[in-house]
Amino acid sequence: MFPYKFGFIGAGNMGFAIMKGLVQSFQPEDIIFYEKNEQRAEDVAAAIGAKKADSGFACADSSWFVVLAVKPQQLGAAVKEIRNGITGKQVLISIAPGVTMEDLKEYFGQDCRVVRAMPNTPALVGEGMTGVCYDPERFSKEEQECIKDFFGSFGKMVLVDEKLINAVVCVSGSSPAYVYLFLEALADSGVKYGLPRKMAYEMAAQAVLGSAKMLLETGQHPGALKDQVCSPGGTTIEAVAALEENGFRNAVMKGCDACYAKCENIR
């Protein structure tokens with residue numbers, strides 16, 4: 001029906017990360033993309049092996065699944081360019097935070113079939129986490145399987161109600177940035193006490209990786225896992241007390257509040 005299974009409008013950090021995961025499960029020949037920045041387009045084509053489109057319209061018109069991999073502020077211009085290439089036969093996948101399925105239908109001026117998703121940048125290494133919402137009644141079994149394979153190619157996915165997507169942005173979509181801030185601060189403390197910086201980053205990153213894996217694989221409450229590290233009268237509980245005194249958990253939650261508020265008012 002379409003020469004390409006997936007067409008990407010935009011090949012920035014998130015679009016590239018998803019395409020990099022896709023080629024682990026699909027053929028590069030299944031993918032076409034359009035990127036306005038010519039040098040960026042050349043680099044992505046060389047790295048992925050996917051075909052560059054000459055225009056957004058050509059990309060959308062020739063693809064079954066059209067992935068809107070652009071920022072919310074760029075969405076209006078992108079839609080204007082591809083609108084005439086979208087019909088009821090295609091599936092739109094949007095990763096723009098704060099833009100609802102109804103917003104997209106309004107943008108396109110038609111009752112499009114939309115999958116709204118919030119992935120994150122660890123997709124680049126196959127460890128992405130994506131919250132996904134769509135109306136299964138509007139998609140064939142084959143399309144639903146393809147959607148599952150699409151998001152599964154670069155990590156894990158969970159189906160959520162659309163009203164929860166902004167919460168997904170806070171906890172998963174934006175949170176790698178919070179984690180990197182924590183890792184940087186943790187490594188800085190190691191450097192302060194004499195560790196070489198490269199070693200400090202490696203130790204901090206492995207500690208976070210291992211801790212996350214323990215949480216996922218044991219199914220234990222994070223508080224219980226924290227308690228296992230905090231010996232009575234020991235060094236760790238002393239550090240935890242200092243973190244609490246300085247508002248560590250409150251700062252994280254306030255950050256998520258700011259993220260959520262921005263999602264709610266992004267248009």
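The values are calculated or read from the model by the stated rules, or taken from the named source; none is laboratory data. From a predicted model like this one, the values you see are computed outputs, not experimental measurements. Cβ atoms come from the backbone with ideal geometry, glycine included; neighbour counts cover every protein chain shown.
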Requested in this report: Looking for whichever is among the β-branched types (Val, Ile, Thr) and either touching an Asp or Glu at 6+ places or on another chain (Cβ under 8 Å) or farther than 20 Å from VAL70 by Cβ (or both) here; the options are VAL169, VAL191. Which one fits?
Outcome: VAL191
Requested in this report: Take PHE65 and decide whether it is modelled with pLDDT of 95 or more, crowded, with 17+ Cβ neighbours inside 10 Å, in the same structural domain as PRO119 (by TED's automatic domain parsing) and not β-branched (Val, Ile, Thr).
Outcome: yes
Report summary line: Apart from one, (1) in a loop (DSSP other than H, G, I, E, B); (2) out of contact with any strand residue (DSSP E or B) (no Cβ under 7 Å at 6 or more places or on another chain) all hold for ASP43; the odd one out is (1)
Report summary line: Expected output for segment 138-167 (first residue under 27 Å from ALA261 (Cβ atoms) and touching a residue at least 60 places away in the same chain (Cβ under 8 Å), partner assigned to a helix (DSSP H, G or I) and not small (Gly, Ala, Ser), Cβ below 6 Å, 6+ apart or cross-chain) is ASN166/TYR260; ASN166/CYS263
Report task. Would you check which residues across segment 190-201 are surrounded by 14 or more Cβ atoms within 10 Å (Cβ to Cβ) and not aliphatic (A, V, I, L, M) and list them? Result -> GLY190, TYR201
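So that you can scan it fast, the table gives a plain yes or no per residue for (1) of a type in the set (A, V, I, L, M, F, W, C); (2) part of a helix (DSSP H, G or I); (3) farther than 15 Å from PHE57 by Cα:
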{"residue": "GLU81", "(1), (2), (3)": "no, yes, no"}
{"residue": "ASN84", "(1), (2), (3)": "no, yes, no"}
{"residue": "GLY88", "(1), (2), (3)": "no, no, yes"}
{"residue": "ILE93", "(1), (2), (3)": "yes, no, yes"}
{"residue": "LYS105", "(1), (2), (3)": "no, yes, yes"}
{"residue": "GLN110", "(1), (2), (3)": "no, no, yes"}
{"residue": "ARG116", "(1), (2), (3)": "no, no, yes"}
{"residue": "ALA123", "(1), (2), (3)": "yes, yes, yes"}
{"residue": "THR130", "(1), (2), (3)": "no, no, yes"}
**Report entry** Close pairs from segment 222-233: first over 13 Å from SER211 (Cβ atoms), partner among the hydrophobic types (A, V, I, L, M, F, W, C), Cβ under 8 Å, at least 6 apart
**Finding:** CYS230/ILE237; CYS230/VAL240; SER231/ILE237
**Report entry** Matching residues, segment 222-267, being among the charged types (D, E, K, R) and either part of a loop (DSSP other than H, G, I, E, B) or modelled with pLDDT of 95 or more (or both)
**Finding:** LYS226, ASP227, GLU238, GLU244, GLU245, ARG249, LYS254, ASP257, ARG267
Report summary line: Those residues of segment 129-143 that are exposed (fewer than 14 other Cβ atoms within 10 Å of the Cβ) and not charged (D, E, K, R) come to a total of 2
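Residues checked against (1) within 24 Å of THR121 (Cβ to Cβ); (2) of a type outside the set (Phe, Trp, Tyr); (3) exposed (fewer than 14 other Cβ atoms within 10 Å of the Cβ):
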residue	(1), (2), (3)
GLU162	yes, yes, no
CYS170	yes, yes, no
GLY219	no, yes, yes
PRO222	yes, yes, yes
CYS230	no, yes, no
THR236	no, yes, yes
GLY247	no, yes, yes
ALA261	yes, yes, yes
